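Since every read-out is calculated from the coordinates, none of them should be taken as a lab result. Keep in mind that what you see is a predicted model, and the values were worked out from it rather than measured. Ideal geometry is used to build each Cβ from the backbone, glycine not excepted, and the neighbour counts take in all protein chains shown.
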DNA sequence: CGAGTGACCAAAATAGCATATGGTCACTAT
DNA sequence: ATAGTGACCATATGCTATTTTGGTCACTCG
């Protein structure tokens, strides 16, 4: 799986050697602290103490506290995305892959919401403020969607007239109520039926 | 046009006689003040002074300051809705009515956003906090949508297999990115093309 | 030269307090 | 009874003084 597309740089805000043991220690500590106390209540000094170095040393590896937040956020979103990709890989038809892609994303997002509320808040912040981590995630989802639609067009499951980009971006928008953290929370009550109805609607529009 | 459906009570928070000259004076004063200074910066005492009565008298007509906010908000949303209804009435086909309904709603909402930012913020608040005024508005939009789809089904423009309620609620969700004030602001950059693409997608799914 | 840091600063968060505000009620005047 | 109000209270809001916090840099140590 190649990750070096022209996506928003997932390593934005990084400094120094990209794969350093200390960097990983910082990320681990941040993951634990952000999850337990929240992004806002965790200070950079806390992270420094957790790994046994001084605060200044943290800044040899990250541009800012937000950059650390982005790394954690990207990790969360990566977990969601990879669960979705596993699920789509198991599905046989493009239609099934399509259903899985978005239903797993929503499922995993709601799990995050209920189990790691503080990390979810971080992800929500990332989305509303359009951090690179969130933009990269959306780009990856759209890329997966594009491949599914291409497959469906090849197998004859989906129509071939509508421009691919147009279809993809429109579908991403229809799924926003179940992907964007703020809207997801807003639409929680109707799940999962509401999403199924929208997925059905989109699939009808994809029919040849 | 009958408005006495089982919608969320648009007159919630009202007290005393429903059509009293004073009530209208309060609403007018609130409209002016909320628009100029914002909901938060306007005090009930300000409104009282504006109409030349004491603060306590206001509470003979409204349960709370929020109830006044709801009234103003309902008024704003009503303007948007009636503009959309005028537009759909002019359109001939169900397809055209459908396009008009949602594009006018988005157009008028963005106009409100740019021209009366403070009232827009009030409406945004109403939506995120699910005030009756916002719920009533959504119910009215969905009702208009339902009638358009019914028309389209009669004229043969739209398919007839999918359950009507399911279609309507799904479409409302697909349009959320352009209706919900917070998302609208978020999606402003892609307008109006992005919405057109979604509308096209939905219309494809409605095709017989 | 590279790993690591204490001391330092501007900006932001916090705490504590005075004031303003939403809301009620007993009351007056008509 | 109806129209209307001043005085009152608990809470929210704004404000200022103080502390924390994000972030930098010159510096030490090996």
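A few points about this structure:
- Per-residue Cβ neighbour rank within 10 angstrom, fewest leading, A:180, A:33, B:20: B:20, A:33, A:180
- Neighbour counts of other Cβ atoms within 10 Å put A:39, A:59 in the fewest-to-most order A:59, A:39.
- The mean number of partner chain beta-carbon atoms within 10 angstrom of a residue's beta-carbon across peptide A:93-103 is 0.
- Rounded if a/c under 1.5, otherwise prolate or oblate - region B:92-200, Cα gyration tensor axes: prolate
- Inter-copy label distances at residue A:191 (7 Å, Cα→Cβ; nm, one decimal): 2.7
- Report summary: the helix-based calculation at 222 nm, which adds -39500 (n - 2.57) for every DSSP H run with n ≥ 4 and divides by the residues of the protein assembly as shown, gives -23500 deg cm²/dmol.
- Estimated FRET transfer efficiency when R0 is 60 angstrom, pair residue B:51-residue A:50 (beta carbons, to 0.05): 0.50
- Over region A:21-63, relative contact order from alpha-carbon pairs under 8 Å, at least 6 apart, %: 35
- Three-way shape call for the protein assembly as shown based on the alpha-carbon gyration tensor, with the a/c threshold at 1.5: oblate
- Percentage relative contact order, region B:67-206, counting C-alpha pairs under 8 Å, at least six apart: 26
- For chain B: rounded, prolate or oblate by the Cα gyration tensor [a/c cutoff 1.5]: prolate
- Here region A:178-208 and region B:67-93 have alpha carbon centers that stand 26 Å from each other.
- Order of B:157, B:96, A:154 under a 10 Å beta carbon neighbour criterion, fewest first: A:154, B:96, B:157
- If R0 equals 51 Å, the separation of the Cβ atoms of residue B:75 and residue A:37 corresponds to a calculated FRET efficiency of about 0.70.
- Each part gets one Cα centre, and for region A:126-148 versus region B:99-137 those centres are 27 Å apart.
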